[in-house]
Structure formats: structure tokens, C-alpha cells
1. Once label points are set 7 Å from the Cα along Cα→Cβ at both residue 148 and residue 126, what is their separation, rounded to one decimal in nm?
2. What FRET efficiency would be calculated for the residue pair residue 345, residue 168, taking the C-beta separation as r and a Förster radius of 45 Å, to the nearest 0.05?
3. Test of understanding: ordering 194, 138 by Cβ neighbours within 10 Å, fewest first, what list do you get?
4. What number, in nm² with one decimal, is the all-direction average of the projected area of the convex hull of the alpha-carbon atoms of region 285-358?
5. Which order do 60, 329 fall in if you start with the one that has the fewest other Cβ atoms within 10 Å?
6. Please work out the FRET efficiency for the pair residue 63 and residue 178, using the Cβ-Cβ distance as r and a Förster radius of 35 Å; give the result to the nearest 0.05.
7. Report the Cα centroid-to-centroid distance between region 135-158 and region 69-118 in angstrom, as an integer.
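Every number in this text was worked out from the coordinates using simple rules, so none of it is lab data. Because the structure is a prediction, the values reported are computed rather than measured. Don't worry about glycine lacking a Cβ; one is built from the backbone with ideal geometry, like all the others, and counts go over all protein chains shown.
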């Protein structure tokens with residue numbers, strides 16, 4: 001972070017030296033004690049006063065503000081005296097309330113762990129703007145870290161990335177973020193944003209595994225249970241592990257919800273059963289059940305849909321045996337009244353006609369072997385799940 005300060009400070013010194021003819025050095029900068037300031041000490045965080053001062057500031061006041069700013073930067077960056085720099089930054093702002101001055105005032109307050117004053121400075125930046133804009137949210141994350149507010153810290157880092165912040169090293173190397181390093185949401189943020197760190201991904205996968213209860217075999221989901229989605233919610237932080245879930249992660253309107261049914265360990269690999277629920281459907285929301293397999297590091301190996309309430313007229317049930325063989329059977333519902341004519345309200349399913357059965361098997365390497373089962377006579381299943389002739 002300090003290298004960034006040095007670069008900015010050097011740039012500013014070069015520009016200002018050019019503007020003043022190159023004759024002044026930092027030690028030669030003298031304050032014009034007779035020049036009035038455009039803001040009072042009490043008004044530097046008052047937005048109405050700041051915006052008015054920006055309109056009325058004179059060239060002389062701007063020049064004086066820049067002189068104070070350079071002296072403050074020398075203290076903050078070169079001499080690492082953040083506390084001493086604050087008064088000069090505030091004086092610089094009183095002469096010339098420029099966004100760069102508020103930005104580095106916020107940095108100085110962050111350096112001395114004054115979250116309240118840093119937030120005031122950063123809030124002004126949010127209103128008057130600063131380029132690059134994402135630095136405002138990065139400051140918010142640092143301020144939240146001072147307060148040990150993990151939720152706000154992680155949310156602010158996510159917002160900074162959304163605005164264009166992509167410097168992973170500044171996040172990893174910032175010691176103030178140490179308090180959230182083991183937080184699952186922080187780990188998820190790092191993995192999903194900078195998906196190149198195997199260690200972090202392994203930690204996220206461990207947290208993901210803990211979301212799922214152990215599944216006891218044999219396990220079955222009969223036709224009258226396919227609509228059930230009363231299971232632990234899967235946070236979108238784990239989208240990297242579920243195919244197609246990532247597509248909805250940054251969507252304006254998330255259309256699917258995800259639920260953890262259970263997990264199975266097969267050799268060194270894992271198989272997870274999860275459900276998706278189409279939350280925005282108008283009636284009889286579709287629910288689908290999937291199995292997805294992973295290697296020991298959390299890389300997806302294979303996936304298959306096992307069961308579903310696919311639509312008001314079709315469904316699919318399944319059973320997993322103790323040797324990981326999966327029997328899958330689809331159904332077509334028969335309604336008391338034609339739902340296309342009478343609708344679904346007050347209507348009821350009276351039977352379901354079974355389709356040709358299928359079979360699959362979870363293999364130790366993570367692959368799913370898919371087999372067609374020999375054709376058998378279709379059965380009629382009544383609403384309670386029993387077979388009829």
C-alpha cells in the first residue's frame with residue numbers, strides 16, 4: 001500500500017513543481033498565512049458547504065491547498081507520520097476541498113485507526129466522487145476492519161471488485177483483513193473473484209461440504225416427495241461448486257434457490273445431492289434434484305438430474321442403493337380436471353403414469369455411469385404412490 005502512496009506523491013510533486021516553474025522544493029513550500037480559507041474547521045464534512053466551496057474557491061486558495069497537501073503527503077508517505085499529517089490535510093481541504101485531499105485524509109485516519117473520522121472523509125468522497133471509484137469501497141473495507149465488522153468488510157471488498165478493483169495482492173497483504181481470513185464468506189469472495197488459489201479453494205470446499213448432512217443409504221425420494229425443498233440453504237458463496245449456479249450469482253433477479261440434501265463419500269471423492277427451486281414461477285414451482293460428484297479438491301467431475309417436480313404434468317423419482325446404484329423413474333401426472341382448461345387451483349392429481357425406468361451408478365472415480373434399464377410395462381401409480389393395474 002505504501003508503494004502506491006509513494007507513486008502518487010511523486011506524481012503530484014512533479015506536476016505541482018512544473019506548475020510553479022520548477023523552482024520550489026517541498027521544503028521551500030511556504031504557507032500564505034494571510035489568505036482566507038473557504039471552509040471552516042467544522043464544515044469540512046458538511047456536503048452543502050463542501051459543494052459550495054468547490055464552486056467559489058479561488059486560484060490562490062487552490063494553490064495554497066496544494067502546498068498544504070504536499071507537506072501532508074510528505075509526512076504521511078515519506079516520513080510515515082500519519083498522525084502529524086492529519087492537521088495539514090485538513091488545512092489543505094479548508095483551502096481547496098478536492099477529492100484527492102479527502103482520499104488521503106481518510107488514509108491518514110485509517111493509519112491511526114480512527115474509524116469515525118475516516119468514515120466521515122470517505123463519505124464525502126462518495127458524494128463528490130474519486131477516480132478510481134473503487135478505492136472508496138476499498139477504504140470502506142479498511143474502516144470496517146478497524147471496527148472488526150466482518151460482514152461490512154467483506155461486502156465492501158465485493159463492491160470494490162464490482163467497481164473494478166482487481167488487485168488481489170493489496171487484499172492479501174493488508175494485515176487489517178487478517179481477522180476475516182478464515183471467514184467462509186471472505187474465502188468465497190477470494191476464490192470466486194481470483195479463482196487461482198488452490199489452498200483457498202480447498203478451504204472453501206471444506207466449508208461447502210459442511211453445509212450438507214451425511215446421507216444414509218439406501219436413500220429414496222418417492223414421487224410424493226419430489227416437490228419438497230425443506231433442506232439447508234446453499235449460499236451463493238458456493239456457486240463455484242455447482243454447475244450453472246454461477247450464472248445467477250451476479251444476476252439482478254436471482255431466479256433459483258439451492259438446497260443441500262446430503263453428501264456421500266465414495267473412495268477419496270464426494271457425491272452431493274442438492275435441489276434447485278425455481279423461485280419466480282407463477283404456479284407449482286419446479287423443483288429439481290441433482291447429484292454432482294467432486295474430486296478431493298472440489299473440482300466437479302460429473303452431474304446428473306435424479307428427481308424433479310419438473311412441471312405440473314411431469315415428475316421424476318429415484319432411489320440410491322447402498323452400492324451407489326441409482327434407479328430413476330419418470331412420471332406423467334393425470335389431473336382430475338384438465339389443468340389447461342380448469343387451471344390448477346382446486347384441482348388435484350389422481351394418478352401418475354410411469355415412464356420407462358433408467359439406471360445410473362456413482363463410480364469411485366467420480367464418474368456417473370448411465371444405463372438404460374430394459375423396457376418394462378408402464379405402471380399406473382395412484383396419488384399415494386401405490387401401483388395399480
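1. 2.4 nm
2. 0.30
3. Details: 194 16, 138 23.
If I rank by nearby Cβ atoms, fewest first, I get 194, 138.
4. 6.6 nm²
5. The most exposed by this proxy come first: 60, 329.
6. Rounded to the nearest 0.05, the efficiency is 0.25.
7. Result: 19 Å between the Cα centres.
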